[in-house]
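The values are calculated or read from the model by the stated rules, or taken from the named source; none is laboratory data. Fair warning: this is a prediction, and the values are worked out from it, not measured in the lab. No Cβ is skipped: glycine too gets one built from the backbone with ideal geometry, and neighbour counts run over all protein chains shown. Surface areas here come from the heavy atoms of the whole protein model, side chains and all, with no ligands, DNA or RNA. Shrake-Rupley method; radii C 1.70, N 1.55, O 1.52, S 1.80 Å.
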Amino acid sequence: MTTDEFRKYAHDLVEWIAGYFENVENYPVKSQVKPGEIFDRIPGKAPLLPEPFENLIRDLDEIIMPGITHWQSPDFFAYFPSNSSPPSVLAEMITAALGAQCMNWETSPAAAELEEKMMIWLRDLTGLPENFEGVIQDSASSATLAAILTAREKSTDYLINNTGFKNSPQLRVYCSEQAHSSVEKAVKISGIGRSNLVRIPVRNDFSMDPAKLETAVSEDIRNGYLPCCVVATIGTTGTTAVDPLRPVGEICRKNNIWLHVDAAMAGTALLLPEFRWMTDGKEYIDSFLFNPHKWMFTNFDCTAYFIKDAARLIKTFEILPEYLKTRTRGCVNDYRDWGIPLGRRFRALKLWSVIRSYGVEGLQDKIRQHIRFASELEEMIREEKDFEILAPVVINVVCFRYKPEGMDEDSLNKLNEKLNHALNDSGKIYLSHTVTAGKYTLRMVTGQTNVTLAHVRKAWELIRNTARNITV
Ligand SMILES: *Cc1c(COP(=O)(O)O)cnc(C)c1O
């Protein structure tokens, strides 16, 4: 493709993207295709000869779009959001065009230094302690793995990194019953073993019970285990429960345990001073993550990972073969030593673009609105006698179910599952579910970039009407 052709197709595609933003509500939110349908429409063999780019744009509309679930639709209320926004998309175009490999400071000083500055901005915007340093990871899952590996090396004095597990005491990791599956994955692949992940029971509001944590830790110590890391969650994936950092942190401090905090979605709420109660006890935190790629309008991938003692992270990950030696080593941040992959994309650019385009107040306004939508939705649901709220509404997630009179728990579970599928198959909205205290629970998240109260009201109308016309 020549530069002139590129210019033409790029303009065409920008039109396509802007049109998509304008029309995203007209697609079925959840893709309605069957397994294999898209696969079968793509040729089995790669083309031998060059094809005009028009063909690709045509196939984008005809083959690909039917198989897309529209996370950027304001009628998307499932999972947690994976928000994009125009300033984020524009910055990603630049990142792709520069194609810089940002493994070391030298391989693009601007990328390293902008990343360092963006992490300072985010640290201060979320009110994290000033001695924290930050790095962008690709996902919360990778950041939690990095935290558990760093904790593992700290508690064994770098024994596992050097000689493996042979002479190591058995390490233990703790999280609540409601913690994200990425914790189990990290414990499993870090060599600690999933049977050494201790799941602490939760209180009525689905947050970790610190008394139960204390008991579990003491019992483990008595039995010869070495407690290594506690993963506390701020905003659990099921119901956005907030584990109490202060008592959990005190237990960690007393027993020399690493405290890692997973605030993947809810961390964005820390941009609001009125939500800083969630990090009361922050002085105990060793590492902390949140995902601007969830609720902060910065498209995937972008996890902000903060650490109190960055030297420990670097000591766990660094490796210095001859071909990576540079003259600036030691006086700059070589972010390849701050995580698992060597190669890194220039991701700080989209954060810079998003924060500058919205401004801090613009971000705060939007987040506050989303939180208000959730509490308005909660009120609408509470007004109906045949619906029930199933968990405290803390931030932007409302957990509820349809509960007509005279049905047993088993039938209610079946009914609500059927309701969820009927709503999603309608293509009009997309919800996902969780299970709370054995109950099939619908979850509605009001955090999509462009969601308005009108979208929430319309969705609630649809849910109410669909529910009342459904039978098991
Ligand atoms: C979404 C989520 C994760 C996983 O995030 P990725 O960035 O996709 O790895 C981890 N923890 C919590 C609490 C989450 O909600």
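Observations
- Test: Ser82 is within 16 Å of the ligand (Cβ to nearest atom) and under 30 Å from Ala304 (Cβ atoms): yes
- In the set Trp105, Trp121, only one residue is open to solvent by 50 Å² or more (accessible area, probe 1.4 Å), touching a residue at least 12 places away in the same chain (Cβ under 8 Å) and under 21 Å from Ile285 (Cα atoms); that residue is Trp121.
- Residue match in the stretch 294-305 (condition: within 16 Å of the ligand (Cβ to nearest atom) and part of a helix (DSSP H, G or I)): yes
- The selection criterion, being touching a helix residue (DSSP H, G or I) at 6+ places or on another chain (Cβ under 9 Å), more than 16 Å from the ligand (Cβ to nearest atom) and at positive phi, holds for Gly193.
- Annotation note: Cβ proximity below 9 Å between a residue of the stretch 174-192 that is closer than 20 Å to Ser155 by Cα and a residue that is within 14 Å of the ligand (Cβ to nearest atom) and charged (D, E, K, R) (sequence gap 6+ or interchain) occurs for Cys175/Glu184; Cys175/Asp243; Cys175/Asp262; Val183/Asp262.
- Subset of the stretch 258-274 (residues that are away from the ligand (no atom under 16 Å from the Cβ) and touching a residue at least 60 places away in the same chain (Cβ under 8 Å)): Trp258, Leu271, Leu272, Pro273
- Put simply, of Glu219, Glu250 the only residue that is farther than 30 Å from Arg123 by Cα, more than 15 Å from the ligand (Cβ to nearest atom) and open to solvent by 10 Å² or more (accessible area, probe 1.4 Å) is Glu219.
- Residues within the stretch 269-283 that are of a type in the set (Phe, Trp, Tyr) and buried (at least 21 other Cβ atoms within 10 Å of the Cβ), tallied: 1
- Take the conditions (1) open to solvent by less than 80 Å² (accessible area, probe 1.4 Å); (2) farther than 25 Å from Tyr358 by Cβ; (3) at pLDDT 95 or above; Glu62 misses just one of them, which is (1).
- Test: residue in the stretch 298-316 that is of a type in the set (A, V, I, L, M, F, W, C), open to solvent by 70 Å² or more (accessible area, probe 1.4 Å) and without any contact (Cβ under 8 Å) to a residue 12 or more places away in the chain: no
- Ala97 closer than 30 Å to Arg7 by Cβ, free of Cβ contacts under 8 Å to residues at least 60 places away in the same chain and more than 16 Å from the ligand (Cβ to nearest atom): yes
- Some residue of the stretch 226-237 being touching a Lys or Arg at 6+ places or on another chain (Cβ under 6 Å), within 16 Å of the ligand (Cβ to nearest atom) and farther than 15 Å from Ala179 by Cβ: no
- Of all residue pairs spaced 6 or more apart or on separate chains, those with beta-carbon atoms under 7 Å, a first member in the stretch 322-341 that is over 28 Å from Thr144 (Cβ atoms) and a second member that is polar (S, T, N, Q) and not in a helix (DSSP H, G or I) are Thr326/Asn104.
- For Asn291, the criteria (1) more than 13 Å from the ligand (Cβ to nearest atom); (2) under 16 Å from Val397 (Cβ atoms) hold in every case but one, which is (1).
- Matching residues, the stretch 124-147, being within 16 Å of the ligand (Cβ to nearest atom), in a helix (DSSP H, G or I) and under 20 Å from Gly281 (Cα atoms): Thr144, Ala147
- Against the list (1) surrounded by 21 or more Cβ atoms within 10 Å (Cβ to Cβ); (2) within 15 Å of the ligand (Cβ to nearest atom), the condition Lys185 fails is (1).
- Considering the stretch 164-182, and only residues there that are in contact with a strand residue (DSSP E or B) (Cβ under 7 Å, 6 or more places away or on another chain) and among the hydrophobic types (A, V, I, L, M, F, W, C), the residue that is farthest from the ligand (Cβ to nearest atom) turns out to be Leu171.
- None of Asp243, Asp280 is within 16 Å of the ligand (Cβ to nearest atom) and charged (D, E, K, R) except Asp243.
- Among the residues of the stretch 3-54, those identified as assigned to a loop (DSSP other than H, G, I, E, B) and touching a His at 6+ places or on another chain (Cβ under 7 Å) are Tyr27, Val29.
- Strands (runs of 3 or more DSSP E) wholly inside the stretch 368-472 that include at least 1 residues being among the hydroxyl-bearing types (Ser, Thr, Tyr): 397-402, 432-436, 439-445
- Residue satisfying all of: in the stretch 144-182; touching a helix residue (DSSP H, G or I) at 6+ places or on another chain (Cβ under 8 Å) and basic (Lys, Arg); surrounded by the fewest Cβ atoms within 10 Å (Cβ to Cβ) among these: Lys154
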